[in-house]
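Everything on this sheet refers to the single structure shown next.
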Amino acid sequence: MIVARTIQDIQDVIAGSCVTIGNFDGVHKGHQKLIALACERSKARDLISVVVTFDPHPLRVLRSDRTPPFITLTEQKIELLSQYGPQVCLLLEFTMDMARLSPEEFVKTYLVDGLNVKDMIIGYDYHLGKGRAGNFETLCELGRKYGFTVDRLDPVTIDNAIVSSTRIRDLVQAGHVWAVRPLLGRFYQVKGEVVHGMNRGGKLLGFPTANLKLVDELFPKPGVYAVWAEVDGAVYEGVANIGLNPTFGNETLSVEAHLLDFSGDIYGDQIRVHFVQRIRDEKKFNSLEELKDRIARDVELGRKILAQPEAAIKLTHPDFRKGPEVR
Ligand code: RBF
Ligand code: MG
């Protein structure tokens, strides 16, 4: 997948395109279906498959005072999009000026003149242009005028409810990481650099942890989780704790993972933590011994959880350190 921030960056590759457009926060099952169809149809019609998305997320610009925590920030969104096979990702900078464009102005400038769009696929609830005025009917009309076809997909439903970014956010924030997996088609994951923590884990407790400096905004409800941790291309079992370490009374929330059967210095490395199942709430222990005993039990439970066939991890993405080709 080629990632371009401007049309000029991809002039050489765009003869005609099949476009899907949206915010794609979380790159969930609904988004994946749109992309898969765009890829399929672009092949059939000899077009280039293009995912058009925005950076920053439009809500960040339009409603900066009350944005939800995003499931994926731009960097991770691009990594994920690239796994589902589109040839190009056009990442448009979202500004107030862009927000003021009418649906026709946007479509003419970016899709028709820019991408030579011949075919377009949108999600069931997609709107574009000033005041979200452009809906499916608007796009169909513009398609007749400028010569492209438009299709709208029905929502994907799981357990009789629509798969949406909002539903995923709510589940993650409630700690239901196991339940969110079918909606994402993968475990909920966060990525971050390993930074120095309080240096208590190894020496004091005998359970050293990798503390994450988070770039992602959404993380599961505080508590203890069984996780897979991806380090340097390898995957380890782990138990993670999200919280304030009430036993010690920390001021800031930490996200840390104790990796099983691992030893090594990974400060400064990027790691990815995949949340498999919640084990318990974080709690205040009366002594170090009690906390140690409890973590030992968490490790035991973690191993059991991760040994279940349904907990197996399938890494769909290639080595994430390499990333997509950015122009
Ligand atoms: N700290 C707490 O204060 N309460 C807990 O319930 C708690 N559970 C943990 C469970 C696991 C699996 C791990 C790895 C850590 C946990 N911690 C907990 C955090 C612990 O206090 C921390 O790792 C050390 O203080 C080092 O920063
Ligand atoms: Mg630590």
Would you mind stating whether His196 is within 12 Å of Phe219 (Cα to Cα) and surrounded by fewer than 20 Cβ atoms within 10 Å (Cβ to Cβ)? no
Report whether or not Arg169 is basic (Lys, Arg) and out of contact with any Phe, Trp or Tyr (no Cβ under 7 Å at 6 or more places or on another chain). yes
Give just the number: which of (1) farther than 17 Å from Arg186 by Cα; (2) more than 12 Å from ligand 2 (Cβ to nearest atom) does Gly197 not satisfy? (2)
Go through segment 1-23 and give me each residue that's surrounded by 15 or more Cβ atoms within 10 Å (Cβ to Cβ) and more than 22 Å from Leu128 (Cα to Cα). Met1, Ile2, Asp9, Ile10, Ile14
With the condition kept exactly as written, say whether any residue in segment 264-287 is among the hydroxyl-bearing types (Ser, Thr, Tyr) and within 12 Å of ligand 1 (Cβ to nearest atom). yes
Any idea which of (1) surrounded by fewer than 20 Cβ atoms within 10 Å (Cβ to Cβ); (2) part of a helix (DSSP H, G or I) is the one Asp151 doesn't satisfy? (2)
Within segment 220-234, can you find the residues that are surrounded by 20 or more Cβ atoms within 10 Å (Cβ to Cβ) and either closer than 19 Å to Thr72 by Cα or modelled with pLDDT of 95 or more (or both)? Pro220, Val224, Tyr225, Ala226, Val227, Trp228, Ala229, Glu230
Answer from Thr6, Thr20 - the residue that is hydroxyl-bearing (Ser, Thr, Tyr) and within 20 Å of the chain's Cα centre (by Cα): Thr20
Just give me the residues in segment 202-221 being within 8 Å of ligand 2 (Cβ to nearest atom) and in contact with a strand residue (DSSP E or B) (Cβ under 7 Å, 6 or more places away or on another chain), in sequence order. Pro208, Thr209, Ala210, Asn211
So how many residues does segment 268-285 have that are over 24 Å from the mean Cα position of the chain (by Cα) and either in a strand (DSSP E or B) or not acidic (Asp, Glu) (or both)? 4
Inside segment 125-175, can you point out the residues that are among the acidic types (Asp, Glu) and in contact (Cβ under 8 Å) with a residue 60 or more places away in the chain? Asp151
Candidates Ser42, Ser49, filtered to the one that is out of contact with any helix residue (DSSP H, G or I) (no Cβ under 9 Å at 6 or more places or on another chain), surrounded by 21 or more Cβ atoms within 10 Å (Cβ to Cβ) and modelled with pLDDT of 95 or more: Ser42
Of the conditions (1) closer than 22 Å to Ile295 by Cβ; (2) touching a residue at least 40 places away in the same chain (Cβ under 8 Å), Leu253 fails just one. Which one is it? (2)
Within segment 272-318, of all residues that are among the polar types (S, T, N, Q) and either surrounded by 13 or more Cβ atoms within 10 Å (Cβ to Cβ) or without any contact (Cβ under 8 Å) to a residue 40 or more places away in the chain (or both), the one nearest to ligand 2 (Cβ to nearest atom) is Ser287
Please find, among Glu237, Glu256, the residue that is touching an Asp or Glu at 6+ places or on another chain (Cβ under 9 Å), buried (at least 19 other Cβ atoms within 10 Å of the Cβ), closer than 20 Å to Ile305 by Cα and acidic (Asp, Glu). Glu237
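Condition check ((1) within 30 Å of Tyr188 (Cβ to Cβ); (2) among the charged types (D, E, K, R); (3) part of a strand (DSSP E or B); (4) more than 19 Å from the chain's Cα centre (by Cα)) across all residues:
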{"position": "Lys33", "(1), (2), (3), (4)": "yes, yes, no, no"}
{"position": "Ala38", "(1), (2), (3), (4)": "yes, no, no, yes"}
{"position": "Ser49", "(1), (2), (3), (4)": "yes, no, yes, yes"}
{"position": "Cys89", "(1), (2), (3), (4)": "yes, no, yes, no"}
{"position": "Asp97", "(1), (2), (3), (4)": "no, yes, no, yes"}
{"position": "Asp113", "(1), (2), (3), (4)": "no, yes, no, yes"}
Would segment 164-182 turn up any residue that is crowded, with 20+ Cβ neighbours inside 10 Å, of a type in the set (A, V, I, L, M, F, W, C), more than 16 Å from ligand 2 (Cβ to nearest atom) and over 25 Å from Leu301 (Cα atoms)? yes
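The values are calculated or read from the model by the stated rules, or taken from the named source; none is laboratory data. The shown structure was predicted, so the numbers you read here are calculated from the model rather than taken from an experiment. Positions of Cβ are generated from backbone atoms using ideal geometry, with glycine treated the same way; all protein chains shown enter the neighbour counts.
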